[in-house]
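Okay, so here's the structure we're looking at.
The values are calculated or read from the model by the stated rules, or taken from the named source; none is laboratory data. Just so it is clear, the model here is predicted, and its values are computed rather than measured. Positions of Cβ are generated from backbone atoms using ideal geometry, with glycine treated the same way; all protein chains shown enter the neighbour counts.
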Amino acid sequence: MSGVRQQLAESGHEKTFYLETFGCQMNVHDSEKVVGTLLQQGYRQVETVEQAGLILYNTCSIRDKAEQKVFHRLADFKKLQAKGKKFGVLGCVAQQEGEKIFERAPHVSLVCGSASYNNLLQMLVQLEGAQLEAEIDVGSQDPLASSRSGASLPAPRGISPAASPVSDGLLGLASGDARGLSRNSGPRTQDLVRITGLDDRQTDKCFETEFTARTNPHRGYITIIEGCDKFCAYCVVPFTRGKERSRTSGSVLAEARQIVDLGYTEIQLLGQNVNSYRDPDGKKSFAELLAAVGEIPGIRRVRFTTSHPRDFGRDIVDAIDAVPALCDHVHLPVQSGSSRVLDAMQRLYTREQYLERIEWMKTARREISITTDVIVGFPGETEADFAETLSLLEYVGYDGVFSFKYSPRPNTPALHLDDAIPEQEKSRRLEVLMAKQREIQVARYRKYVGTKIEVMVEGRNESRNQWIGRTSQNKTLNFTASANPKVGSYTKVLVTGSFPNSLLGEMVA
Ligand code: 5AD
Ligand code: SF4
């Protein structure tokens with residue numbers, strides 16, 4: 001940082017923020033939009049908590065461990081509040097814990113769930129107003145104040161010393177009074193600024209912004225649907241991300257064209273359940289939208305996550321067959337191989353129905369790589385149920401499995417189920433499953449040796465003297481090359497070796 005910038009930052013006159021993101025692809029992309037909103041508001045993004053005036057955590061609460069991380073971070077940096085730094089919690093933990101966060105971490109000023117991001121700009125203005133007022137208060141006892149903050153400054157807009165959250169569907173101010181905040185002494189609890197965005201889970205609006213700070217240089221993310229109405233028995237998402245709402249196909253396609261203009265050749269369509277996409281304008285089904293994105297000139301690869309087996313139609317496989325730019329990879333979370341457990345999970349499909357979708361993919365013209373998510377140790381899962389999950393892995397032959405131990409989540413129906421599986425047994429099943437899947441992947445990856453595959457060059461691993469490539473099937477293919485390929489370009493690679501999670505090769509002309 002330049003000397004002047006450093007001074008500005010230290011004196012609190014430059015607006016700086018640090019943002020750390022936890023969790024899924026949706027969160028990563030939400031953060032890109034949050035960053036865009038902050039930059040547009042005149043903030044500068046910095047790389048460490050110490051450099052920042054505003055520290056934000058975009059959180060995940062899908063499993064208990066993910067949720068605990070944010071509270072550890074907040075505890076680690078609490079002492080920085082005395083330096084006038086502000087803390088905000090965004091995303092799923094924010095929505096789930098709501099104002100309880102202020103009790104557990106009183107140094108937090110902003111708590112905002114993802115359904116309220118459309119109001120983020122207003123919340124930032126409120127926060128800045130509170131900060132400004134605090135400075136005036138300090139300044140009034142400070143002989144240098146007039147040169148620093150001007151003669152008459154407006155009271156912060158929308159901030160009032162109300163005692164309880166404002167449930168107007170817009171912004172809530174949980175409690176407190178911005179007055180009396182001091183950058184030097186550290187605030188007293190009764191003086192804390194507490195701004196909340198928690199009341200929008202029934203919104204019909206998606207978070208659409210023209211200010212997206214795209215951080216992934218190779219893959220442009222586009223949210224097509226937000227929220228989830230499925231209410232699987234174990235899952236916190238419908239409670240944290242709110243009800244399902246889709247963007248119009250016109251707006252998605254316009255964003256896709258913009259992304260191409262920025263130089264992207266790969267797009268990933270995002271949603272908690274992309275298959276239940278419903279165009280509010282009634283123009284396109286999900287498969288039609290997918291195909292339309294794939295047909296935009298300049299697009300080389302289109303991906304989509306996540307799919308729900310219940311809503312996964314054959315038309316998606318037909319689209320993959322028909323449009324070469326659609327990647328030959330589908331992530332189709334199964335969660336369990338036992339119909340009994342699937343029923344208890346309220347997944348709305350049986351093992352047989354899931355396998356029918358697998359059959360559509362296996363009989364496609366292009367070889368489609370399939371990956372999945374599995375939960376082990378769901379309440380009541382017997383040894384026989386677990387054996388059915390193992391046999392399903394074997395039958396499908398996945399190229400990747402994300403496996404998790406069941407983690408009880410607040411508000412979810414599964415909390416009230418009997419027959420909890422002991423932690424030790426969950427761990428054992430997880431290990432057995434991972435070992436089995438490893439064997440499957442060793443065999444699956446081996447069969448690519450000797451074939452030529454196109455990769456997008458994603459970067460370079462200097463220590464190994466290798467380039468990092470990604471295949472359309474989303475596999476990592478590391479390779480050597482005599483001439484330096486351009487990062488972001490596409491090239492053919494001859495596969496010479498395989499591992500359980502990646503391939504090795506040499507670039508071919
Ligand atoms: N416990 C364990 N895993 C879970 N997942 C979602 N909720 C839970 C939970 N309560 C897993 C599912 C989902 C993935 C994103 O996270 O497998 O597909
Ligand atoms: Fe959660 Fe089920 Fe919705 Fe996926 S479909 S986000 S697992 S409730």
| Yes/no for Thr389 being in a strand (DSSP E or B) and buried (at least 23 other Cβ atoms within 10 Å of the Cβ) | no
| message | Given the criteria touching a Phe, Trp or Tyr at 6+ places or on another chain (Cβ under 7 Å) and either assigned to a loop (DSSP other than H, G, I, E, B) or among the hydroxyl-bearing types (Ser, Thr, Tyr) (or both), does Phe207 qualify? | response | yes
| message | Restricting to the stretch 462-482, count the residues that are free of Cβ contacts under 8 Å to residues at least 24 places away in the same chain and assigned to a loop (DSSP other than H, G, I, E, B). | response | 4
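Does Arg340 qualify as being within 15 Å of ligand 1 (Cβ to nearest atom), surrounded by fewer than 21 Cβ atoms within 10 Å (Cβ to Cβ) and in a helix (DSSP H, G or I)? Before the answer, list the steps.
Values: within 15 Å of ligand 1 (Cβ to nearest atom): no; surrounded by fewer than 21 Cβ atoms within 10 Å (Cβ to Cβ): yes; in a helix (DSSP H, G or I): yes.
No; evaluated as a whole, the condition is false for this residue.
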| query | For the stretch 405-421, which residues satisfy the criterion of being part of a loop (DSSP other than H, G, I, E, B) and under 18 Å from Thr382 (Cα atoms)? | reply | Tyr406, Ser407, Pro408, Leu417, Asp418, Asp419, Ala420, Ile421
| remark: Only one of Glu383, Glu394 is free of Cβ contacts under 8 Å to residues at least 24 places away in the same chain, over 30 Å from Ala292 (Cβ atoms) and away from ligand 2 (no atom under 16 Å from the Cβ), namely Glu383
| field | Unmet requirement for Ile440, which otherwise passes all of (1) assigned to a helix (DSSP H, G or I); (2) at pLDDT below 95 | value | (2)
| Selection within the stretch 60-76 - at pLDDT 90 or above, under 16 Å from Phe402 (Cα atoms) and either assigned to a helix (DSSP H, G or I) or charged (D, E, K, R) (or both) | Arg63
| request: State yes or no: is Gln272 within 16 Å of ligand 2 (Cβ to nearest atom), surrounded by 23 or more Cβ atoms within 10 Å (Cβ to Cβ) and in contact (Cβ under 8 Å) with a residue 60 or more places away in the chain? | output: no
| Name the residues in the stretch 245-270 that are of a type in the set (Gly, Ala, Ser) and part of a helix (DSSP H, G or I), would you? | Ser249, Gly250, Ser251, Ala254, Ala256
| Within the stretch 196-251, which residues are modelled with pLDDT of 95 or more, more than 16 Å from ligand 1 (Cβ to nearest atom) and out of contact with any Lys or Arg (no Cβ under 9 Å at 6 or more places or on another chain)? | Arg247, Ser251
| Restricted to the stretch 33-59, and to residues that are in a helix (DSSP H, G or I), of a type in the set (A, V, I, L, M, F, W, C) and closer than 20 Å to Ala115 by Cα, which residue is farthest from ligand 2 (Cβ to nearest atom)? | Leu38
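In the stretch 53-103, which residues are among the β-branched types (Val, Ile, Thr), away from ligand 1 (no atom under 16 Å from the Cβ) and without any contact (Cβ under 8 Å) to a residue 40 or more places away in the chain? Spell out the reasoning first.
Just the residues of the stretch 53-103 that are among the β-branched types (Val, Ile, Thr), to begin with: 55, 59, 62, 70, 89, 93, 101.
Adding the requirement that they be away from ligand 1 (no atom under 16 Å from the Cβ) leaves 55, 70, 89, 101.
Correct list: Ile55, Val89, Ile101.
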| query | Tally time: how many residues in the stretch 307-328 are touching a strand residue (DSSP E or B) at 6+ places or on another chain (Cβ under 6 Å) and within 16 Å of ligand 1 (Cβ to nearest atom)? | reply | 0
| request: Have a look at Leu332, Leu415 and point out the one that is within 12 Å of ligand 1 (Cβ to nearest atom) and free of Cβ contacts under 8 Å to residues at least 24 places away in the same chain. | output: Leu415
